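The values are calculated or read from the model by the stated rules, or taken from the named source; none is laboratory data. Worth saying up front: this structure is predicted, and the values here are computed from it rather than measured. Please note: Cβ atoms are built from the backbone with ideal geometry, for glycine as well, and neighbour counts cover all protein chains shown. The protein model used for the area step is the full one, side chains on, heavy atoms only, and it has no ligands, DNA or RNA in it. Shrake-Rupley method; radii C 1.70, N 1.55, O 1.52, S 1.80 Å.
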Amino acid sequence: MSAPSPPSAGAFPSPPGGFAPAPPPSTKRNVELLLLAAAAVITTVSLFLVEASRQEQSITVDIAKYGLAYLGLFGVAHLAVRRFAPFADPLLLPIVALLNGLGLVLIHRLDLADQQTAAYNSWALPSPDANQQILWTALGTLVFITLLIALRDYRTLARYSYTLGLIGLVALAIPAILPSKFSETNGAKIWIRLPGFSVQPGEFAKILLIIFFASVLVAKRELFTAAGRHVLGMEFPRGRDLGPILAVWIVCIGVLVFEKDLGTSLLIFSTVLVMLYIATERVGWLVIGGGLLALGFFFAYQLFGHVRVRVETWLHPFDDYNNTGYQISQSLFGLATGGLAGTGLGSGRPNQVPFAKTDFIVTTIGEELGLIGLTAVLVLFLVFVVRGLRTALAVRDSFGKLLAAGLSFTIAIQLFVVVGGVTKLIPLTGLTTPFMSYGGSSLLANYALLALLIKISDAARAPAPVRKKEPAPIADAQTEFLRRDAGRPEAGAVI
């Protein structure tokens, strides 16, 4: 038997140049669209469950109103990402969409409970906060799309880092100097309240300060990595290099003292400390920062009454149950009622917890969705943070790495502070759950954070630009000669 003949050269034609063209890079935008559809289904089903659990067991027009608004907003956001950040991580926007949708469901559920309470007591029916949350979500989506379009290269932010840092500090300071009637809520001076307008500037200040410190840490890296002292196997910075972290510490202590805002001071200082460790890889900075943090809170506890009240309420919430301990006590009761699987959407009593739509929305999740549902929500946040850190690892420039890491860690730290507060792991701080709690300032700031992460992710995942091949100089070009064969010219051999 004769061996099979090899395939002819024409069986597998090669393209010019001898190499097949590279396939177009995958943008994963269809994956993002599929995940957004899944988030929309979960949100819609949850709205149906909330409506069906009412005593009247009737479905209102609110489902169509909220559902269509949700689909429209995130459909437009997806188109913006597809057009202006085509290579961005396909998980970031769907995770935010699902968290925002679940937050909307819970706010609507608490609206129904408030209306039922008002009807039972013959009070005037309150206006639903879910309508306002949809409006804030629309404005947040507008901020998100505007940043995607306007910020062609996130590295341009480094040029204005000192200006942005100054704006952030001014935004932090304004509530402290305003009269209490324009800035104070529940003992904390964190608002700017004007007729028909209110904003919490600390939410935006944290992002501006992260941009500032990312730029400074890149530009002054030699200052933070200079040789220092070795103690117990750790390298500590020189004393004269501690100025920047001492300045941050003083600012955070000022926020704690003058604005009585434990949460923002803890959030900003912890985020900067983590960014400093990422930039230098020195454990000594963490030890010094942790010591400064402990020292600051010790003196704050000794000198300021509102700090002592927070700590005493944390340690002994039931000693003053009807006053300072009522909020955390009701939170613990709600989490205990939820148990493993929860009471079901619309079947619990989360409205008995003060500020259930804002500071304590985690308690609402734990009561009606149980430990399983709360764990699922925490896993969503965990995946969001991990994808942000993967973006920080993948991006090529140092500013992008520190900025992405800082933005991701501030979400992680804020979630830890919120969940730790409502579960009595740490003292209450008054921070809100990102993307889920009711409130305009938080939503707008976090959608700006999402836009920055998506722009950095797009730069990290985009293929490297292909350089155009320069034409060969005439002196280096190959020489050919022609020969006449059978009356027609034909290319000859190369000399």
task: Among residues belonging to the range 48-68 that are over 16 Å from residue 106 (Cβ atoms), modelled with pLDDT of 85 or more and not charged (D, E, K, R), point out the one that is farthest from the chain's Cα centre (by Cα).
output: 64
query: If you check residue 96 against the conditions, is it aliphatic (A, V, I, L, M) and over 20 Å from the mean Cα position of the chain (by Cα)?
result: no
message: Under 6 Å between Cβ atoms, which residue pairs at least 6 apart in sequence (or on different chains) link something in the range 23-42 that is open to solvent by 80 Å² or more (accessible area, probe 1.4 Å) with a partner that is assigned to a loop (DSSP other than H, G, I, E, B)?
response: 28/90
task: For the range 121-138, indicate whether the set of residues that are within 20 Å of residue 455 (Cα to Cα), touching a Gly at 6+ places or on another chain (Cβ under 8 Å) and open to solvent by 30 Å² or more (accessible area, probe 1.4 Å) is non-empty.
output: no
task: From 340, 315, 303, 335, grab the single residue that is open to solvent by 60 Å² or more (accessible area, probe 1.4 Å), touching a Gly at 6+ places or on another chain (Cβ under 6 Å) and of a type outside the set (Ser, Thr, Tyr).
output: 340
field: residue 87 being closer than 15 Å to residue 136 by Cα, aromatic (Phe, Trp, Tyr) and out of contact with any Phe, Trp or Tyr (no Cβ under 9 Å at 6 or more places or on another chain)
entry: no
message: Show the residue pairs meeting these rules: Cβ distance below 6 Å; 6+ apart or different chains; first residue within the range 117-135 and in contact (Cβ under 8 Å) with a residue 24 or more places away in the chain and farther than 20 Å from residue 348 by Cα; second residue surrounded by 15 or more Cβ atoms within 10 Å (Cβ to Cβ) and of a type outside the set (Ser, Thr, Tyr).
response: 133/104; 133/107; 134/69
query: Are there any pairs, at least 6 apart or on different chains, whose C-beta atoms fall under 9 Å, with the first in the range 356-369 and at pLDDT below 95 and open to solvent by 30 Å² or more (accessible area, probe 1.4 Å) and the second assigned to a loop (DSSP other than H, G, I, E, B) and among the aliphatic types (A, V, I, L, M), and if so, which?
result: 359/428; 359/431
message: Cβ-Cβ under 8 Å, sequence separation 6+ or interchain: first residue in the range 104-116 and in contact (Cβ under 8 Å) with a residue 40 or more places away in the chain and among the basic types (Lys, Arg), partner surrounded by 19 or more Cβ atoms within 10 Å (Cβ to Cβ) and in a helix (DSSP H, G or I). Which pairs?
response: 109/50; 109/350; 109/364; 109/368
task: Find all pairs meeting these conditions: Cβ atoms under 6 angstrom apart; at least six residues apart or on different chains; first residue within the range 141-166 and under 17 Å from residue 88 (Cα atoms); second residue among the aliphatic types (A, V, I, L, M) and not in a helix (DSSP H, G or I).
output: 148/85
Residues being in a helix (DSSP H, G or I), among the charged types (D, E, K, R) and in contact with a helix residue (DSSP H, G or I) (Cβ under 6 Å, 6 or more places away or on another chain) - total across the range 83-113: 2
message: Criterion first (touching a helix residue (DSSP H, G or I) at 6+ places or on another chain (Cβ under 6 Å) and more than 24 Å from residue 406 (Cβ to Cβ)) does residue 183 satisfy it?
response: yes
statement: Note on residue 96: of the conditions (1) closer than 21 Å to residue 52 by Cα; (2) crowded, with 23+ Cβ neighbours inside 10 Å; (3) in contact with a Phe, Trp or Tyr (Cβ under 8 Å, 6 or more places away or on another chain), unmet is (1)
query: Restricting attention to the range 370-410, which residues are in a helix (DSSP H, G or I), open to solvent by less than 30 Å² (accessible area, probe 1.4 Å) and farther than 26 Å from residue 331 by Cβ?
result: 388, 391, 392, 399, 400, 402, 403, 404, 405, 406, 407, 408
- line: Expected output for the range 178-190 (first residue aromatic (Phe, Trp, Tyr), partner assigned to a helix (DSSP H, G or I), Cβ below 9 Å, 6+ apart or cross-chain) is 182/175
- prompt: Could we say that residue 21 is part of a loop (DSSP other than H, G, I, E, B) and modelled with pLDDT of 55 or more here?
  reply: yes
field: Search result, residues across the range 260-295 that are open to solvent by less than 20 Å² (accessible area, probe 1.4 Å) and either hydroxyl-bearing (Ser, Thr, Tyr) or under 18 Å from residue 430 (Cβ atoms) (or both)
entry: 261, 263, 264, 265, 267, 268, 269, 271, 280
message: Looking at 215, 198, can you tell me which residue is among the hydroxyl-bearing types (Ser, Thr, Tyr), open to solvent by 20 Å² or more (accessible area, probe 1.4 Å) and closer than 30 Å to residue 403 by Cα?
response: 198
